[in-house]
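> This is the structure I want to talk about, given as structure tokens.
The values are calculated or read from the model by the stated rules, or taken from the named source; none is laboratory data. Being a predicted model, the structure only gives us computed values, none of them experimental. So basically every Cβ, Gly included, is an ideal-geometry build from the backbone, and we count neighbours across all protein chains shown.
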Amino acid sequence: MERKIAPTPWVDLHTHTLTQRQEDEIRLLSLSLTAGMTFPEEQGTYYSLGLHPWYIAELGEEALGRLEDHLDREPRIIALGEAGLDRRCDTDFSLQLHLFEEQIKISERRSLPLIIHLVGAQDELLRLHKKYAPKSPWIIHGFRGKASTARQLLDKGIYLSFGEHYQSESLVLAHSMDRAFLETDDQASLSIRTVYEQASRTLEIEVEDLAKSIWERVERVFRGHIGW
């Protein structure tokens with residue numbers, strides 16, 4: 001009997017919405033650290049968990065211990081984040097830096113990819129990347145910067161994830177360097193298939209070829225933690 005080959009999955013690298021998932025989609029659902037949080041069991045859904053710079057003032061230092069407790073108990077958490085730095089939010093930047101560095105250490109200790117929220121703090125991020133020389137992959141989600149900015153990050157081995165809005169030159173550059181992902185972020189009405197189709201037009205390649213490239217990156221970055 002001829003072996004049936006499964007279709008390449010559509011991977012939503014970063015989403016906050018638990019919308020209806022299509023059978024051939026895989027998503028990485030980003031959850032906030034809150035009391036009584038749950039991890040719904042659903043085929044094709046995995047989780048990232050971290051301390052977002054917008055909310056860390058409310059969570060406090062003890063949130064690091066709570067974060068590690070969840071990582072110990074929930075094997076479907078396959079990435080840390082979103083964590084990061086944001087110079088445009090009200091959170092004290094020194095607190096952001098401290099807790100981001102602590103999450104870098106957790107990411108390295110547990111060999112978990114780090115999903116990063118980055119706004120107006122690229123110099124600080126690159127300084128920390130040089131300081132820690134991370135072995136675990138760093139992925140900046142929702143990247144909208146110019147190609148010159150993308151180049152600085154990509155040259156350090158950092159991955160970029162793109163949503164509906166992006167600079168075409170940045171996506172082309174990231175894909176050519178084998179470090180591009182796609183996402184829907186917090187847009188509940190946006191299908192990851194729509195993002196793939198838009199990106200394939202920008203890249204001038206078939207959407208199926210793009211899906212295969214991204215799936216190969218997913219397998220490399222998440223080292224078999226995502227099943228299909």
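> Would you mind stating whether Leu125 is under 15 Å from Glu102 (Cα atoms), assigned to a helix (DSSP H, G or I) and modelled with pLDDT of 95 or more?
Values: under 15 Å from Glu102 (Cα atoms): yes; assigned to a helix (DSSP H, G or I): yes; modelled with pLDDT of 95 or more: yes.
Yes, satisfied.
> Just to verify a result, which residue in the stretch 78-116, among those that are among the hydroxyl-bearing types (Ser, Thr, Tyr) and surrounded by 15 or more Cβ atoms within 10 Å (Cβ to Cβ), is farthest from Gly145 (Cα to Cα)? Steps first, answer last, please.
Looking only at the stretch 78-116, we keep the residues that are among the hydroxyl-bearing types (Ser, Thr, Tyr), and these are 91, 94, 107, 111.
Adding the requirement that they be surrounded by 15 or more Cβ atoms within 10 Å (Cβ to Cβ) leaves 91, 107.
Details: Thr91: 23, Ser107: 25 Å.
Selected residue: Ser107.
> Also, quick follow-up: If I ask for residues that are surrounded by fewer than 19 Cβ atoms within 10 Å (Cβ to Cβ) and on the phi < 0 side of the Ramachandran plot, which ones from the stretch 48-63 would you list? Give the steps one after another, and end with the answer.
Of all residues in the stretch 48-63, those surrounded by fewer than 19 Cβ atoms within 10 Å (Cβ to Cβ) come to 54-55, 57-63.
Those that are surrounded by fewer than 19 Cβ atoms within 10 Å (Cβ to Cβ) and on the phi < 0 side of the Ramachandran plot: Trp54, Tyr55, Ala57, Glu58, Leu59, Glu61, Glu62, Ala63.
> List the number of the failed condition for Thr15; all other conditions in (1) surrounded by fewer than 17 Cβ atoms within 10 Å (Cβ to Cβ); (2) touching a residue at least 24 places away in the same chain (Cβ under 8 Å); (3) of a type in the set (S, T, N, Q) hold.
(1)
> Answer with yes or no whether Thr38 is assigned to a loop (DSSP other than H, G, I, E, B) and either under 17 Å from the mean Cα position of the chain (by Cα) or modelled with pLDDT under 85 (or both). Walk me through it before giving the result.
Details: assigned to a loop (DSSP other than H, G, I, E, B): yes; either under 17 Å from the mean Cα position of the chain (by Cα) or modelled with pLDDT under 85 (or both): yes.
Yes.
> Restricting attention to the stretch 169-193, which residues are farther than 22 Å from Ile158 by Cβ and over 18 Å from the mean Cα position of the chain (by Cα)?
Ser189
> For Pro75, all conditions in the list (1) loosely packed, with under 15 Cβ neighbours inside 10 Å; (2) touching a residue at least 12 places away in the same chain (Cβ under 8 Å); (3) under 18 Å from Ile226 (Cα atoms) hold save one; what is the number of the exception?
For Pro75, the exception is condition (2).
> Of all residues in the stretch 117-133, count the ones that are without any contact (Cβ under 8 Å) to a residue 40 or more places away in the chain and either of a type in the set (S, T, N, Q) or surrounded by 19 or more Cβ atoms within 10 Å (Cβ to Cβ) (or both). Reasoning before the result, please.
At the first step, the residues of the stretch 117-133 found to be without any contact (Cβ under 8 Å) to a residue 40 or more places away in the chain are 118-124, 126-133.
Of the ones still in play, those that are also either of a type in the set (S, T, N, Q) or surrounded by 19 or more Cβ atoms within 10 Å (Cβ to Cβ) (or both) are 118, 121-122.
Residues that pass the stated criteria total 3.
> One residue is enough: does the stretch 175-182 have a residue meeting the conditions closer than 18 Å to Glu216 by Cα, of a type in the set (Gly, Ala, Ser), in a loop (DSSP other than H, G, I, E, B) and modelled with pLDDT of 95 or more? Outline the logic, then answer.
First, pick out the residues of the stretch 175-182 that are closer than 18 Å to Glu216 by Cα: 175-182.
Narrowing further to those that are of a type in the set (Gly, Ala, Ser): 176, 180.
With in a loop (DSSP other than H, G, I, E, B) added as a condition, the list becomes none.
No: the stretch 175-182 contains no residue that is closer than 18 Å to Glu216 by Cα, of a type in the set (Gly, Ala, Ser), in a loop (DSSP other than H, G, I, E, B) and modelled with pLDDT of 95 or more.
> Of the numbered conditions (1) among the polar types (S, T, N, Q); (2) more than 18 Å from the chain's Cα centre (by Cα); (3) under 28 Å from Val195 (Cβ atoms), Ser161 fails exactly one; give the number of that condition.
All conditions pass for Ser161, except number (2).
> From the list Leu171, Leu112, exactly one residue is in contact with a Leu (Cβ under 9 Å, 6 or more places away or on another chain) and more than 20 Å from Ile205 (Cα to Cα). Which is it? Explain how you work it out, then say what you get.
Working: Leu171 fails: more than 20 Å from Ile205 (Cα to Cα).
Of the residues listed, the single one that is in contact with a Leu (Cβ under 9 Å, 6 or more places away or on another chain) and more than 20 Å from Ile205 (Cα to Cα) is Leu112.
> Out of all the residues in the stretch 142-167, which are within 17 Å of Ala83 (Cβ to Cβ) and hydroxyl-bearing (Ser, Thr, Tyr)?
Within the stretch 142-167, Tyr159, Ser161 meet the criteria.
> Does the stretch 166-174 contain any residue that is at pLDDT 95 or above, in contact with a strand residue (DSSP E or B) (Cβ under 6 Å, 6 or more places away or on another chain) and under 23 Å from Ala121 (Cα atoms)?
Initial filter on the stretch 166-174 (at pLDDT 95 or above): 166-174.
Subsequent filtering for residues that are in contact with a strand residue (DSSP E or B) (Cβ under 6 Å, 6 or more places away or on another chain) retains 171, 174.
With the extra rule that they be under 23 Å from Ala121 (Cα atoms), the set shrinks to 171, 174.
Within the stretch 166-174, one or more residues are at pLDDT 95 or above, in contact with a strand residue (DSSP E or B) (Cβ under 6 Å, 6 or more places away or on another chain) and under 23 Å from Ala121 (Cα atoms).
Per-residue answers, yes or no, for (1) within 18 Å of the chain's Cα centre (by Cα); (2) in a loop (DSSP other than H, G, I, E, B); (3) without any contact (Cβ under 8 Å) to a residue 40 or more places away in the chain:
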position	(1), (2), (3)
His52	yes, yes, no
Gly65	no, no, yes
Asp69	no, no, yes
Arg88	no, yes, yes
Thr91	no, yes, yes
Phe100	yes, no, no
Lys105	yes, no, yes
Lys135	yes, yes, yes
